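Visitor: This is the structure, below, for whatever I ask next.
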Amino acid sequence: MEKIKRDFMRREIRRLALCAAGLAACLFVLLRCYPAGISYGPRLLLGAAAVTGCAALRSALYVRAGMNALTDNDAFLLDREYAEPHPVYKVWQGEAHLLPSFIVCRSRGRLLFIPLDKIERVEQRFDRAGLQKIPFAKFIMDTGRSISVGFPLIPSKDSDAVFGWIAERIGSEKVKRW
């Protein structure tokens, strides 16, 4: 479990560092274009650092919540399966590790553990953004809980590969493609 947590936090910190650098660049341009705001410069940079720190804390809390939901047997199984070679595909703001009995997914700053034996059905849906359709997967669990994972537009082959893998593992009758 430590390797999963370490990998997740390393990638999240890298993502947050890139976001913080972008925010600092925007603040720098703002301060250069609006010279009267120079007196507010340190406060703005402190605010940017506070926002980045809160986002990092949010990611750490999601890791803890995700790992607390697992049983000891699940944690042992995850450790063993994660160490072996497995397919990894891009999802929106993260990646999905397809393990023999779990899907470990880092998406939108969350660490998700989706056990394959508890999936009731998977639906492929599309969100509209302008003229484009953005694919996402909606996992409906046997507990009634649903989990949504988005896919990037550019490598659409990733969503096809993930849905094919899921259909192979849990049965094509449980996978609904629109």
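The values are calculated or read from the model by the stated rules, or taken from the named source; none is laboratory data. Keep in mind that this is a model prediction, so the values were computed, not measured. As a convention, Cβ positions derive from the backbone with ideal geometry for all residues, glycine included, and neighbour counts pool all protein chains shown. Just the protein is used for accessible areas: all its heavy atoms, side chains included, with ligands, DNA and RNA removed. Shrake-Rupley method; radii C 1.70, N 1.55, O 1.52, S 1.80 Å.
Visitor: Take the residues in the range 120-173 that are among the charged types (D, E, K, R) and modelled with pLDDT under 85; name whichever of them is nearest to the chain's Cα centre (by Cα).
Guide: Within the range 120-173, the first condition is being among the charged types (D, E, K, R), and the residues that meet it are 120-121, 123, 125, 127-128, 133, 138, 142, 145, 157-158, 160, 168-169, 173.
The next check asks that each one be modelled with pLDDT under 85; those that pass are 125, 127-128, 133, 157-158, 160.
Working: ARG125: 17, ASP127: 17, ARG128: 20, LYS133: 19, LYS157: 18, ASP158: 15, ASP160: 18 Å.
The residue in question is ASP158.
Visitor: If you don't mind, another one. Is at least one residue of the range 7-27 assigned to a helix (DSSP H, G or I), open to solvent by 40 Å² or more (accessible area, probe 1.4 Å), under 29 Å from PHE163 (Cβ atoms) and small (Gly, Ala, Ser)?
Guide: Checking the range 7-27: not a single residue is assigned to a helix (DSSP H, G or I), open to solvent by 40 Å² or more (accessible area, probe 1.4 Å), under 29 Å from PHE163 (Cβ atoms) and small (Gly, Ala, Ser).
Visitor: Could you tell me which of the residues LEU112, LEU70 is open to solvent by less than 60 Å² (accessible area, probe 1.4 Å), in a strand (DSSP E or B) and aliphatic (A, V, I, L, M)? Talk me through it step by step, then tell me what you get.
Guide: Working: LEU70 fails: in a strand (DSSP E or B).
Answer to the check: LEU112.
Visitor: I've got another one for you. When you scan the range 99-119, do you find a residue that is closer than 20 Å to ARG11 by Cα, among the acidic types (Asp, Glu) and either in contact with an Asp or Glu (Cβ under 6 Å, 6 or more places away or on another chain) or at pLDDT 85 or above (or both), even just one?
Guide: no
Visitor: Between residues in the range 62-83 that are modelled with pLDDT of 85 or more and residues that are among the acidic types (Asp, Glu), which pairs lie under 9 Å by C-beta distance while being six or more apart or on different chains?
Guide: ASP79/GLU2; TYR82/ASP7
Visitor: So is PHE126 open to solvent by 10 Å² or more (accessible area, probe 1.4 Å), farther than 25 Å from SER59 by Cα, aromatic (Phe, Trp, Tyr) and in a strand (DSSP E or B) or not? Show your work before the answer.
Guide: Values: open to solvent by 10 Å² or more (accessible area, probe 1.4 Å): yes; farther than 25 Å from SER59 by Cα: yes; aromatic (Phe, Trp, Tyr): yes; in a strand (DSSP E or B): yes.
Taking the combined requirement at face value, the residue satisfies it.
Visitor: Moving on to the next point. Can you tell me how many residues within the range 28-67 are within 19 Å of ARG106 (Cβ to Cβ) and open to solvent by less than 70 Å² (accessible area, probe 1.4 Å)?
Guide: The qualifying residues number 9.
Visitor: To continue, here is another question. If you take the residues of the range 73-109 that are open to solvent by 30 Å² or more (accessible area, probe 1.4 Å) and part of a helix (DSSP H, G or I), which of them is farthest from ARG145 (Cα to Cα)?
Guide: ALA83
Visitor: Which of the residues spanning the range 39-87 are more than 21 Å from GLU12 (Cα to Cα) and polar (S, T, N, Q)?
Guide: Listed by number, the residues that qualify are SER39, THR71, ASN73.
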